[in-house]
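Down below is the structure, laid out as structure tokens.
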Amino acid sequence: MSTFASAIASFTSNLSHRMGGVPLHHQGFQTPSDADVVRLLDSSPGGLAGSVAAERRLHDGPNVLPRNEQAWFGIVVRQFATPLVGLLALAALVAAVLGETSDLVTVIGIILLNGCLGFIQEFRSARSLAALRAFLRQTATVVRDGGAIRTVERSDLVRGDVVLLAPGDQVPADLRLLAVDRLSVDESTLTGESDQQPKQAGPLPQPTELLHQSTNLLFAGTFIRSGQGRGVVIATGYRTVLGSIAELVAETKRVSAFEQNLKTLSRFLLRVVAVSLAAVFVINLLTKSETISLAEQLLFAMALAVSVVPEALPAVTTITLSRGALQLARRHVVVKRLTAIEDLGHIDVLCTDKTGTLTENKPSVSTIIATDRTALLTAWLESIPPSVKIGARSIGDPFDLAVTVLAQQEGLPPPDAATLDQVPFSPERRRSGSLVRSGRQLRYIVRGAPETVLPACASGSGRLSQASLSVRLQELGRAGERVLAVAVKRLDARPTEPLDSLEQGLELVGLITFRDPLKPTSRRAMLTAEQMGVQVKIVTGDSPTVAGAVAQRLGLIRTSREVITGEQLARMSEAEAAQTVRTYHVFARMTPQSKFQLLQALRHQGRTVGFLGEGINDAPALKLASVALVVDSAADVAREAADIVLLDRSLEVVIEGIRQGRTIYVNILKYVKYTLVGNFGNFFAIAGISLITDFLPMLPVQILLTNILTDFPLIAVATDRVDPAETKQPQHFRLRELGFLTLTLGLVSSLFDFIFFGIFRTSAPTTIQTLWFTYSIISELALIFVLRTSRPIQQARGAGLSLIWLTVVAGLITVSLPFTAYGQHTFHLVRPSSQVMLIIAGLVLSYVVMTEIVKRLYYRQYQYHPTKP
């Protein structure tokens with residue numbers, strides 16, 4: 001199987017070996033006649049009555065698969081099922097065994113406080129994500145109430161519903177087919193086989209349990225690739241074949257590059273901490289067993305371990321992402337995969353179609369080139385697929401709509417013609433064919449791109465000769481107008497051979513050109529994308545001249561020669577293709593294979609690629625893209641592969657989403673930098689000083705409280721403002737650079753800790769512990785405002801009000817606690833003098849100045865872009 005076919009086959013290639021085949025219940029619907037099937041389901045060809053459908057939904061339940069969602073108590077349990085809480089619980093157990101009642105109560109209080117904060121934030125995030133699902137409505141087209149065609153929520157489908165299906169639809173339930181028109185289905189979701197499976201209506205000669213032999217059944221979760229069909233629902237929800245194996249096809253969690261880098265960094269740092277902590281504990285145990293009890297040493301070691309764990313990172317990440325998802329939803333950008341927001345900020349190449357994204361997708365007829373204008377319009381109208389066999393649908397193709405409007409304006413009556421058969425449009429053929437009978441006249445009508453229709457025509461006559469048209473077509477293409485040709489073949493009898501074999505010796509009826517204006521926001525969005533370091537590439541099925549004309553009007557290219565076609569790309573070697581995708585920004589006449597090749601070449605160059613698509617032919621590229629974006633009206637197969645759904649189809653909306661993704665990423669990175677610098681600087685200072693004193697520089701409960709108070713303001717990181725410069729380039733996580741920043745600023749932090757100890761080394765142990773408690777918290781709170789920006793602190797954009805207020809609250813608690821009886825009794829603090837508090841303030845100010853100087857030197861090295869590629 002080719003790489004392209006493997007991509008279509010999806011991740012469930014071994015699924016067919018892990019399932020039991022077609023259930024016996026379904027086999028009972030394989031052999032009866034259509035009428036018997038409808039009767040068995042108490043339905044009718046005209047569908048169910050609305051009242052009957054409502055009763056069945058109440059009885060059978062909604063047509064949905066069970067979601068893996070936990071109730072509120074599950075979220076509560078998750079808060080306490082973490083390594084951090086386990087470590088704290090072990091510390092509480094040690095305190096209880098050794099009779100340290102005050103320490104026991106304090107540690108338990110810290111566990112409960114940490115759990116409550118985590119629960120509140122995660123519960124809010126879960127509710128936010130649940131609210132986002134309301135934007136992603138999944139619908140199905142059904143026949144109800146005696147033949148009326150209705151669009152209903154997919155969850156409202158019930159047994160006996162008659163469902164209409166078209167190319168790109170995802171099959172919403174298990175169906176028995178009643179009528180088909182060249183129907184083929186992609187069942188790779190269930191079987192792992194990417195080959196399209198042809199389907200038929202009517203009974204099978206004998207029942208079968210094999211999926212690929214169940215040619216008159218459709219299964220939920222599969223996709224219509226071509227043709228159309230009508231079927232009756234035989235199973236919904238967990239009763240479907242997909243429902244019976246739902247645990248096997250559950251969505252695979254995609255781990256973002258940012259998450260993976262954090263895990264790598266965390267593992268390395270925790271190893272360093274474990275080794276350091278073990279060494280400190282052993283040395284203290286051997287040298288200070290007479291002055292410091294075993295209980296205190298154990299609690300001290302555990303508290304130090306807790307202080308260095310970035311326990312707020314999951315909460316900060318979840319809060320920031322969920323809040324960002326809601327902000328994007330307000331801008332009509334709906335996130336299906338939460339971590340895709342991080343990936344959105346990494347995008348440096350955006351591949352997009354032009355129609356509907358850069359243009360209005362409201363084409364109007366511009367020019368008609370024909371010897372008989374009425375004959376041309378009539379032929380076009382007769383070729384519009386009416387789907388007579390499975391029920392009419394409203395005109396959805398914008399070109400059909402444009403011609404219909406023009407015909408109505410010119411007073412042409414609706415055509416009295418019947419479509420007998422058709423060959424649907426495909427990206428490879430770039431044309432469609434319809435076998436039409438109008439009275440006694442039988443004609444095969446072909447319409448499509450001129451370069452595929454004109455070669456199939458016999459030599460024209462008069463001014464419609466192909467030679468005279470070639471120059472005109474070039475002129476129209478350079479003007480950005482879409483040109484479609486119409487040709488016919490008159491027949492004496494209905495052909496027995498395949499229709500596409502008739503596509504030679506056609507008679508050219510004429511050409512129709514369409515004008516689709518640019519959106520007013522497109523030029524502005526292109527300029528913004530360039531300023532943000534995002535390279536936009538137009539990937540379209542249109543002709544090179546039309547695609548080039550639109551790109552020139554947008555300022556993306558200078559000449560029409562800067563366009564490459566899918567056919568040219570397919571003939572290139574891997575090295576040539578790599579150079580081409582780097583150089584060219586407009587790709588025309590692209591097929592699903594060439595789109596896949598384009599994205600493959602970009603990904604091999606290490607680019608983070610966003611791909612905006614909507615059709616069946618976009619699904620392979622969407623699966624390969626770093627971030628898959630689709631419009632709300634996209635085919636079900638494309639929506640299924642998407643990470644993000646656009647309710648408003650606009651390039652400007654996508655670019656704004658990228659900006660939002662970068663803002664979110666920067667805010668998460670703020671917490672990472674702050675935690676690494678502050679926690680590890682204090683960790684090594686406290687651990688080191690404990691080796692040269694005969695008392696603990698900070699008591700375990702003081703360390704734990706320090707950890708809570710310094711993390712408390714970081715809940716507001718999600719709402720913090722970001723410097724515009726931070727969003728002007730794609731963001732990338734650099735372990736080496738972040739490690740260097742952590743090491744450098746961590747050393748500065750440790751240096752000032754040792755300076756502090758040098759100043760107060762002659763003070764009483766309780767005084768040193770109180771003052772270090774105060775200094776550690778205030779200095780770490782100040783560090784937030786130094787590290788929240790890569791710019792000089794006085795030039796940075798102001799911090800968010802939430803971050804400022806929470807920091808002030810944490811600072812006031814820290815300063816006032818030593819003066820209260822509660823702080824003195826519970827946390828063993830003593831009342832400091834005003835003189836030493838002034839010294840602490842001076843130390844904090846000096847620390848901030850030195851940290852700012854080192855930060856500037858660091859970012860000067862990286863040109864104020866610490867995360868640049």
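Expressed as a whole percent, the accessible surface of the stretch 745-869 that belongs to carbon and sulfur atoms is 67, based on a 1.4 Å probe.
Note on MET572: accessible area is roughly 50 Å² with a 1.4 Å probe, heavy atoms of protein only. Each of SER214, SER470, SER834 has its accessible area taken with a 1.4 Å probe; listed largest first, they run SER834, SER470, SER214.
Shown are HIS212, HIS26, whose ranking by accessible area with a 1.4 Å probe and every protein chain present, most to least, is HIS212, HIS26. Converting phi to 3J(HN,Hα) with the Karplus coefficients 6.51, -1.76 and 1.60 and the offset θ = phi - 60°, the stretch 702-712 yields 5, 5, 5, 5, 4, 4, 5, 5, 6, 7, 3 Hz in sequence order, with x at every glycine or proline. The label-point distance for ARG856 and GLU737, in a model that sets each label 7 Å from Cα toward Cβ, rounds to 2.0 nm.
Residues within the reach of a label modelled at ILE839 (point 7 angstrom out along Cα to beta-carbon, backbone nitrogen below 16 Å), restricted to the stretch 745-782, are 752-776.
With each label modelled as a point 7 angstrom along the Cα→C-beta vector, the ARG271-ALA35 pair spans 7.6 nm. Count Lys and Arg as plus one, Asp and Glu as minus one, and take only other residues whose Cβ is under 14 Å from that of LEU747; the net charge is then 0. Once both labels are modelled 7 Å past Cα along the beta-carbon direction, what's the ALA764-SER51 spacing in nm? About 8.7 nm separates the two model spin labels. Among SER594, PHE514, VAL563, pick out the residue whose Cα is farthest towards the positive end of the charge dipole of the stretch 513-651, where Lys and Arg carry +1 and Asp and Glu carry -1 on C-beta, about the Cα centre. Going by the Cα projections, it comes out as VAL563.
Take the Cβ-Cβ distance between TRP805 and ALA725 as r, set R0 to 22 Å, and report the resulting FRET efficiency rounded to the nearest 0.05. Here the calculated transfer efficiency is 0.30. So what does log10 I(q)/I(0) come out to for the stretch 413-460 at q = 0.31 Å⁻¹, using the Debye formula with one equal point on every Cα and no solvent? Relative scattering, expressed as log10 I(q)/I(0), comes to -1.08.
For TYR859, the accessible surface of its heavy atoms amounts to roughly 0 Å² (probe 1.4 Å, protein chains only, rounded to the nearest 10). When nucleic acids and ligands are ignored and a 1.4 Å probe is applied, PHE596 ends up with an accessible area of around 10 Å². For the set ASP156, ASP181, the ranking by accessible area, highest first and with no ligand, DNA or RNA atoms included, is ASP156, ASP181 under a 1.4 Å probe.
Multiply the residue separation of ALA578 and ILE108 by 0.36 nm, subtract the distance between their alpha-carbon atoms, and state the gained length in nm to one decimal. Using 0.36 nm per residue and subtracting the Cα-Cα distance, I get 163.3 nm. Net charge dipole, the stretch 723-869: roughly 380 debye, given to the nearest 20, about the Cα centre with Cβ charges of +1 for Lys and Arg and -1 for Asp and Glu. Which entries of LYS288/LYS673; LYS537/LYS728; LYS362/LYS623; LYS199/LYS362; LYS362/LYS537; LYS728/LYS855 show an alpha-carbon separation above 24 angstrom in the structure shown? In this structure, LYS288/LYS673; LYS362/LYS623; LYS199/LYS362 lie more than 24 Å apart at Cα.
The values are calculated or read from the model by the stated rules, or taken from the named source; none is laboratory data. Bear in mind the structure is a predicted one, so any value in this text is a computation, not a measurement. Cβ: placed from backbone, ideal geometry, glycine included. Neighbour counts: every protein chain shown. Side chains are part of the model used for accessible areas, which takes the heavy atoms of the whole protein and leaves out ligands, DNA and RNA. Shrake-Rupley method; radii C 1.70, N 1.55, O 1.52, S 1.80 Å.
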